[in-house]
Amino acid sequence: MRYSVFTLAQQALKGHTGWPKAWRQVAPQKAYDIIVVGGGGHGLATAYYLARNHGMKRVALVEKGLIGLGNVGRNTTIVRANYNLEGNEPFYAHSLRLWEGLEKELNYNVMFSQRGVINLFHSDGQRDRFVRRGNSILLHGADAVLLDRDGVRRYAPMIDIDNSRFPVMGGLLQPRAGTARHDAVAWGFARGADRLGVDIIQNCEVIGFDIQNGVVKGVETTLGPIRAERVGIAVAGNTSTLGRMAGLELPIESHVLQAFVSEGLKPFLDCVVTFGVGHFYVSQSDKGGMVFGGDIDGYNSYAQRGNLPMVEHVVEAGVTMIPRLSRVRVLRSWGGIMDMSMDGSPIIDKTPVEGLYLNCGWNYGGFKATPASGWCFAHLMATGEMHEVSRAHRLDRFRTGHSIDEEGTGAQPNLH
């Protein structure tokens, strides 16, 4: 069924009793050409583009739980393409272009809102770095505008520009950036993949890999073995766990990242703003809640819960940037497991096991990368060649010295 205003009106006359399920509930077949492990945004996008771009017919996606319950539904929904380095910016610029056509492509409202993202700066040195980054963004075809203090005030008048400790000098604005409804993205890709014949198998956990003489032959799951010539792993914070099952030692660590949402308010903030002191970012959802987050917890963990010191840090930064947030009540918080790579940039590559492919290391950047991640991972699995905008995201770059260190903090994952 194609979604449209006419379909909506037709279903309204029937009391909304005729809507079909968005995707089928299927049992696994004995064998497929390709299996994608992980029913988050990246896995779903990969399965969709394998069928859509490459005409793959026998594709299965296996997810240990239900679609949309992992990191794709546990983030702050920000979409942007404001990177500095050659290895990253072309990839994220490609992703932003895909976001701009995604609702029409999927025939699904993912509520993509290009409300703009502003990164504040508070010193001459920070401004110079943002100017350099803005020029890099422009050279790669994305958009960037340097704002002075008055420019920031026009976009976000509630920010304490004259803060006595951290006065705002300006900001780097990306007008085409914004937010999207995170779980709608998962549902839209799942519906699109199902429509193209992909088997989406929920409640099917991978518990091992069938590897013979260095070649993957399939996966062992809680629903039994499934054979496949190619297997792709896209499981975010569980990457190291599955990697060990395949005998891989991967250059990533898992850390929890907390996010928060407040009570609903009247329209208050019409863009996304990131604080230049500490790490704090905030936007306002369509329901009025303030959605915000900060740094990852510094220790390694697979637990989807955070700690109170990080809550205190995030709230302090938020109230410093926007003092009136001190009167707002926080309704809930949640944690997502980040797969932090050694240089803060992702990995989309083959593994030493023939037929086994890897998509991981998304750090803070997973949600905004969803369309391009699926596009490039599908290209790699279908053709055996890396896509031109993700050629730098190699697994062996840490051995060869070709790291993509956006933050310049070296091989320390919890600092990226």
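The values are calculated or read from the model by the stated rules, or taken from the named source; none is laboratory data. What you see is a predicted model; the values in this text were computed from it and never measured. Methodologically, a virtual Cβ is constructed for each residue, glycine included, from the backbone with ideal geometry; neighbour enumeration extends over all protein chains shown. Just the protein is used for accessible areas: all its heavy atoms, side chains included, with ligands, DNA and RNA removed. Shrake-Rupley method; radii C 1.70, N 1.55, O 1.52, S 1.80 Å.
For the reader, a short list of remarks on this structure follows.
- Just so you know, in the range 4-46 the residues that are surrounded by 15 or more Cβ atoms within 10 Å (Cβ to Cβ) and aromatic (F, W, Y) include one that is farthest from G365 (Cα to Cα), and it is Y32.
- Residue count for the range 333-357, restricted to those that are open to solvent by less than 10 Å² (accessible area, probe 1.4 Å), in a loop (DSSP other than H, G, I, E, B) and small (G, A, S): 1
- Hey, V256 touching a strand residue (DSSP E or B) at 6+ places or on another chain (Cβ under 9 Å), assigned to a strand (DSSP E or B) and modelled with pLDDT of 95 or more or not: no
- Among the residues of the range 262-273, those identified as part of a strand (DSSP E or B) and either modelled with pLDDT under 95 or crowded, with 22+ Cβ neighbours inside 10 Å (or both) are V272, V273.
- Pair list, Cβ < 6 Å and 6+ apart or interchain, from the range 13-27 residues that are under 26 Å from V198 (Cα atoms) to residues that are hydrophobic (A, V, I, L, M, F, W, C) and assigned to a loop (DSSP other than H, G, I, E, B): P20/M1
- Within the range 196-212, residues that are without any contact (Cβ under 8 Å) to a residue 60 or more places away in the chain sit with their Cβ atoms under 8 Å from residues that are assigned to a loop (DSSP other than H, G, I, E, B), at 6+ positions apart or across chains, in these pairs: I207/T222.
Yes/no matrix, rows are residues, columns are (1) of a type in the set (K, R); (2) in contact with a strand residue (DSSP E or B) (Cβ under 6 Å, 6 or more places away or on another chain); (3) in contact (Cβ under 8 Å) with a residue 12 or more places away in the chain:
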{"site": "F91", "(1), (2), (3)": "no, no, yes"}
{"site": "H94", "(1), (2), (3)": "no, no, yes"}
{"site": "S113", "(1), (2), (3)": "no, yes, yes"}
{"site": "H122", "(1), (2), (3)": "no, no, yes"}
{"site": "R132", "(1), (2), (3)": "yes, no, yes"}
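- Where a residue in the range 173-188 is among the acidic types (D, E) and its partner, wherever it lies, is not in a strand (DSSP E or B), with Cβ under 9 Å and at least six apart: D183/I67; D183/G68; D183/L69; D183/V72; D183/G73
- Residues that are open to solvent by 70 Å² or more (accessible area, probe 1.4 Å) and not in a strand (DSSP E or B) were ranked within the range 314-332; the one that is nearest to A156 (Cα to Cα) is R324.
- Residue count for the range 210-253 satisfying the condition of being open to solvent by less than 30 Å² (accessible area, probe 1.4 Å), in a strand (DSSP E or B) and either within 30 Å of L325 (Cβ to Cβ) or not hydroxyl-bearing (S, T, Y) (or both): 10.
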